[in-house]
């Protein structure tokens with residue numbers, strides 16, 4: 001089978017042949033590095049089988065109507081009037097807490113994107129909370145997408161969906177009312193490594209009772225809808241990441257600023273984990289769940305993880321207005337916070353403020369012993 005990006009492979013093969021010849025002629029040193037082969041391009045079929053958001057406005061309303069704050073604009077953080085920074089990089093929390101960048105996740109050939117978008121938003125929120133409190137790597141745990149996927153579809157959704165996929169509101173309600181489960185071994189259930197087959201199993205049969213009990217020990221404290229770009233900026237500036245569900249598709253190639261232009265239709269869920277000002281305009285940083293090599297090109301400002309891209313704020317605003325995007329809070333009450341540890345200048349992180357360190361806040365759902 002000829003790969004979709006066969007021209008890139010041809011150029012690579014010619015380049016290898018030229019480098020090899022120059023080494024043989026003594027014109028290049030023998031330890032000249034050989035460039036890796038190009039990354040295979042995602043084709044449309046691969047993209048569509050990974051899209052699994054199911055739009056259900058009634059399900060969203062049923063979840064939102066039971067919340068103390070139906071939309072982020074109603075929360076204390078959403079009503080904060082303080083000027084917002086021109087950029088927020090929530091991924092910096094991983095460097096501060098774990099001493100390394102965040103993992104790039106790959107959902108594989110299944111439409112489990114809603115669980116990945118939700119869990120990415122939850123873990124980035126957790127990372128921000130731990131960084132604010134001066135927490136360490138021993139307090140952080142990755143979260144099982146298989147549990148969130150199965151719980152959203154069966155425990156919340158009642159098994160109504162045939163085939164892959166879920167509703168953003170269902171996943172948000174599951175992590176809030178049931179909880180999250182760490183990606184580790186729990187009795188007879190080894191969740192240390194993500195499994196597409198287990199995702200399908202839980203998505204069909206629901207979360208086993210033993211894992212439901214574990215999830216209930218660590219519920220996400222609060223959820224709320226995010227409906228506009230203005231709300232999203234305020235949420236991110238206070239350390240609340242967002243799961244964004246929409247039908248907006250994008251090009252797979254990033255430009256020199258890490259931006260992907262909108263293109264096509266993806267019934268998909270991704271996480272909004274930061275923003276930046278590029279050439280005088282706002283851009284949101286979107287974390288995808290198709291692995292670190294799905295998107296190609298420059299990653300853009302702030303050295304973000306390679307598994308995502310920047311998108312124009314007007315495009316993100318349109319995605320949010322589709323009505324099934326959710327912010328997650330590690331504490332109840334949605335306080336407005338100035339988490340200046342991720343506001344970087346000259347590529348250096350600012351020190352964590354003593355006020356943040358001393359602030360007494362209830363630690364969430366978090367995987368904190």
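The values are calculated or read from the model by the stated rules, or taken from the named source; none is laboratory data. As the structure is a computational prediction, the values presented were derived from the model and not from experiment. Using ideal geometry, Cβ is built from the backbone for each residue, glycine included, and neighbour counts are taken over all protein chains shown.
Below, the figures for the structure above:
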item: Pairs, first within 11 Å of residue 249 (Cα to Cα) in region 261-280, second assigned to a strand (DSSP E or B) and at pLDDT below 95, C-beta under 9 Å, six or more apart; result: 261/253
item: Check on residue 237, crowded, with 21+ Cβ neighbours inside 10 Å, under 28 Å from residue 101 (Cα atoms) and either outside the structural domain of residue 333 (by TED's automatic domain parsing) or touching a residue at least 60 places away in the same chain (Cβ under 8 Å) (or both); result: yes
item: Entirely in region 160-227, the helices (runs of 4 or more DSSP H) that have 3 or more residues that are free of Cβ contacts under 8 Å to residues at least 60 places away in the same chain and more than 30 Å from residue 71 (Cα to Cα); result: 196-205
item: Hits in region 309-319 (condition: assigned to a helix (DSSP H, G or I) and under 22 Å from residue 127 (Cβ atoms)); result: 316
item: Odd one out for residue 73, checked against (1) in contact with a helix residue (DSSP H, G or I) (Cβ under 7 Å, 6 or more places away or on another chain); (2) surrounded by fewer than 20 Cβ atoms within 10 Å (Cβ to Cβ); (3) assigned to a loop (DSSP other than H, G, I, E, B); result: (3)
item: Scan of region 288-308 for residues that are assigned to a strand (DSSP E or B) and either out of contact with any strand residue (DSSP E or B) (no Cβ under 6 Å at 6 or more places or on another chain) or surrounded by 23 or more Cβ atoms within 10 Å (Cβ to Cβ) (or both), ordered by number; result: 290, 308
item: Condition broken by residue 203, with the remaining ones in (1) within 28 Å of residue 303 (Cβ to Cβ); (2) in contact with a helix residue (DSSP H, G or I) (Cβ under 6 Å, 6 or more places away or on another chain); (3) crowded, with 21+ Cβ neighbours inside 10 Å satisfied; result: (1)
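Results for (1) part of a loop (DSSP other than H, G, I, E, B); (2) at pLDDT below 75; (3) under 26 Å from residue 265 (Cα atoms); (4) touching a helix residue (DSSP H, G or I) at 6+ places or on another chain (Cβ under 7 Å), shown as yes or no for each residue.
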| residue | (1), (2), (3), (4) |
| --- | --- |
| 2 | yes, yes, yes, no |
| 12 | no, yes, no, no |
| 26 | yes, no, no, no |
| 34 | yes, no, no, yes |
| 45 | no, no, yes, no |
| 60 | no, no, yes, yes |
